[in-house]
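Report on the following structure.
The values are calculated or read from the model by the stated rules, or taken from the named source; none is laboratory data. What you are looking at is a predicted structure, and each value in this text was computed from that prediction instead of being measured. Don't worry about glycine lacking a Cβ; one is built from the backbone with ideal geometry, like all the others, and counts go over all protein chains shown.
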Amino acid sequence: MRRTLDSNPEDLPLNISIPAPVSAAVGHRDMANAIRFLAIDAVEKAKSGHPGMPMGMADVVTVLFSRFLKFDAADPMWPDRDRFVLSAGHGSMLLYALLFLTGYDGVTLDQLKAFRQWQSKTPGHPEYGHTPGVETTTGPLAQGIATAVGMALAERLSNARFGDDLVDHFTYVMAGDGCLMEGLSHEAISLAGHLKLNRLIVLFDDNEISIDGPTSLSCSDDQLARFAASGWSVRRIDGHDPEAIAIALEEERRSNCPSLIACRTVIGFGSPARQGTEKIHGAPLGVSEVEATRKALQWPHPPFEIPEAVLTAWRAIGARGQDAHKAWIGRTLKVEADVLSRFENALNGTLSAEYDQALHKIRDGFATDRPSIATRQASQQVIDVIAAALPNLLGGSADLTHSNLTHAEVQRPVRRGCFNGSYIHYGVREHGMAAAMNGIALHGGFIPYGGTFLTFADYSRPAIRLAALMGVRVIHVMTHDSIGLGEDGPTHQPVEHLASLRAIPNLLVFRPADAVETAEAWDCALRAEKRPSVLCLSRQALPTFRSPGGGRNRVALGAYLVIDPEDERDVTLIATGSEVAIALDAARLLASDNIRAAVVSAPCFDLFAEQPNEYRSSILGSGPRVGIEAAIEGDWSRWIGDSGEFVGMNGFGASAPANVLYREFGITPEAVALAALRCISRFRMKAFA
Ligand SMILES: Cc1ncc(C[n+]2csc(CCOP(=O)(O)OP(=O)(O)O)c2C)c(N)n1
């Protein structure tokens, strides 16, 4: 697998021909310098940013975009385009310069001049959905490479379903030393190598510099050996030699496994005083050094001025893919109507009519049968029926399939060379799984879900946060959601996780209380096209309290009344998940003392917060309130107010059977009833005062 080829043309197999440079009129040097100086000038104007990486990698991306990348700047969302992921997101000006030069709509010279400014299309780091041509949000190092693994996997999965005519593209990643130092990169590299994702090519900006100085300060890894050990095809080239870059790309595109091309570059290439040092990583060059760099690189043009011939050549590159694009459209017209409609439905993430029926049927079945099962088991039953109705549902787990209960009967495993399966064994790689799911969702064609224990949400949190920031539909199935998991003890018992996940904007955190709510939570998550979701599910069995009738999805309201005393209520008990049953028992205890308690199930704080004020007030009531959740209090005061009480955890859990833990930590119907009485009396005292 390991190659020592130094990109000597004589080493090439005879049948390989390398695409020629696109423009005969303009040389490679000027094409690459256009990128360098747009980056230099934009950083200079913004007085902040990272010029070093774009200056160093300009030669590599010039060759990639001009001779290899399949794209059509006029249609950034063409499904069969190659993906280009800038994992080293701090070098965002590299990408913005390319998008401007190749002619992406809206990425104008004025936008480059507004680099890093309020509401510009050129924010500090690339943001998906904000700038056309940006395939994923990057900046947190290694997220890009790990997301790209998901994209490359989605490409193979789609290809297996729809064939070469519709799906046949590469995913290119530009990653730096920082990306490869991050632990996440290991999970990503390992998974990609295992699955032999041969359409994935990583261009490593092998400049041996990071912020603190030479990478030798902190890292001695032999990156080529490391990737090779994970089953990658690897090589090192001179990243400033266009022909070496072209040969490497051409060869690696034919590899039967993922490829790493370590491009030995000089950071800040062309800056006489700073190149090759950390000084050029993340600071403007300054007027005199910019001048010196212009001279050194023979680029006499004023800031932001691209000579017409150079711009024309770059624009031709932006249009180079139009023929391939047209040919692809032609092929789509030739495929059978039902294949095309399946393809379109997959790309649009459509929920089929069969899905609607299946979901309603199982939800109503739960309401009628009222099973006493764990919500993870209810989820398993939901997945079983919806997977059969949703061909674009893509399951998986980080090696906890049998605990998360995430595998549907109809799902066959995805394996290397066998991509028509729909269940991914992500291995013990929670972070890699979460990032790959982002890539799968961004690529399109699938709705990914993946399982782990809720306590390990911490391992995947950075990728979950990015999913929320990007607004992509990925579904995290996180089971064993409280001390209710019992004997595994405090390492496995989440206490702060609900609060910390709820703190992420644009993330839906569901904690269903019974089988019916579990089905409804799945429905909400699947319909949330622009938001990720976390389904927090119990290990232990919970009674079903919802009854048949009323087709309305109550979970979609975020919170609703389970017990609604007909007259005035004395107190409102608000609970989530497994604690709703405790609240219901507490209400019964209070009723025996003639205290009228309303019980609210609040499976999703985020959705409840979005309801109109009147609805929220009608649910919460105007009297005293008690919140119950086997977790730390977090921002429960939002719902219970200053005079409310919270019954939950104050610290970590412990190892014991669940019922013992609930008793010892005081999360019982009796404790809730007492808290309610205290609240009521405080409330009345206040009223009299
Ligand atoms: C997870 C994460 N940690 C830290 C940073 C801050 N940071 C941005 S770039 C960088 C150094 C990256 O070095 P390298 O990849 O070699 O980039 P180069 O210096 O070659 O541009 C760091 C630490 C970050 N963006 N993401």
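Can you tell me which residues in the stretch 368-404 are in contact with a helix residue (DSSP H, G or I) (Cβ under 6 Å, 6 or more places away or on another chain) and either among the small types (Gly, Ala, Ser) or closer than 20 Å to residue 348 by Cα (or both)?
Selection gives 378, 379, 386, 389, 390, 392, 393, 397, 398.
Collect the residues in the stretch 196-215 that are more than 16 Å from the ligand (Cβ to nearest atom) and either in contact with a Lys or Arg (Cβ under 6 Å, 6 or more places away or on another chain) or assigned to a helix (DSSP H, G or I) (or both), keeping them in residue-number order. Step through it out loud before you land on a result.
Step one: filter the stretch 196-215 for residues more than 16 Å from the ligand (Cβ to nearest atom), giving 196-201.
Scanning the stretch 196-215 gives a single hit, 196.
Just to check your reading of the model, which residue among 433, 478, 470, 437 is under 23 Å from residue 579 (Cα atoms), crowded, with 21+ Cβ neighbours inside 10 Å and of a type in the set (A, V, I, L, M)?
478
Considering only the stretch 35-56, state which residues are within 11 Å of the ligand (Cβ to nearest atom) and in a helix (DSSP H, G or I).
Passing the criteria: 52, 53, 54, 55, 56.
If you check 99, 95, which single one turns out to be within 16 Å of the ligand (Cβ to nearest atom), closer than 21 Å to residue 202 by Cα, within 24 Å of the chain's Cα centre (by Cα) and modelled with pLDDT of 95 or more? Break it down stepwise before answering.
On the way: 99 fails: within 16 Å of the ligand (Cβ to nearest atom).
Result of the check over 99, 95: 95.
Return yes or no: is residue 226 at pLDDT 95 or above, more than 16 Å from the ligand (Cβ to nearest atom) and not hydrophobic (A, V, I, L, M, F, W, C)?
So residue 226 does not fit the description; no.
Go through 259, 271, 233, 218 for me and flag whichever is surrounded by 22 or more Cβ atoms within 10 Å (Cβ to Cβ) and within 16 Å of the ligand (Cβ to nearest atom).
Numbers: 259 fails: within 16 Å of the ligand (Cβ to nearest atom); 233 fails: within 16 Å of the ligand (Cβ to nearest atom); 218 fails: surrounded by 22 or more Cβ atoms within 10 Å (Cβ to Cβ).
Exactly one residue qualifies, and that residue is 271.
Limited to the stretch 120-145, what total is found for residues that are away from the ligand (no atom under 16 Å from the Cβ) and more than 17 Å from the chain's Cα centre (by Cα)?
Residues meeting the conditions: 6.
Out of 168, 164, 222, which single residue is free of Cβ contacts under 8 Å to residues at least 24 places away in the same chain, closer than 18 Å to residue 70 by Cβ and not basic (Lys, Arg)? Break it down into steps so the answer makes sense when it comes.
Numbers: 168 fails: free of Cβ contacts under 8 Å to residues at least 24 places away in the same chain; 222 fails: closer than 18 Å to residue 70 by Cβ.
Being free of Cβ contacts under 8 Å to residues at least 24 places away in the same chain, closer than 18 Å to residue 70 by Cβ and not basic (Lys, Arg) holds for just one of 168, 164, 222, which is 164.
What number of residues within the stretch 218-247 satisfy the criterion of being closer than 23 Å to residue 146 by Cβ and of a type outside the set (Ser, Thr, Tyr)?
16
Failed condition for residue 363, given (1) more than 28 Å from the chain's Cα centre (by Cα); (2) without any contact (Cβ under 8 Å) to a residue 60 or more places away in the chain, with all others met?
It fails just one condition, (2).
Residue check, residue 454 against (1) surrounded by fewer than 24 Cβ atoms within 10 Å (Cβ to Cβ); (2) under 23 Å from residue 649 (Cβ atoms), all met but one. Which one?
(1)
Quick test of your reading of the structure: residue 158 fulfils all but one of (1) of a type outside the set (Val, Ile, Thr); (2) over 18 Å from the mean Cα position of the chain (by Cα); (3) within 16 Å of the ligand (Cβ to nearest atom); (4) crowded, with 23+ Cβ neighbours inside 10 Å. Name the failing condition by number.
(3)
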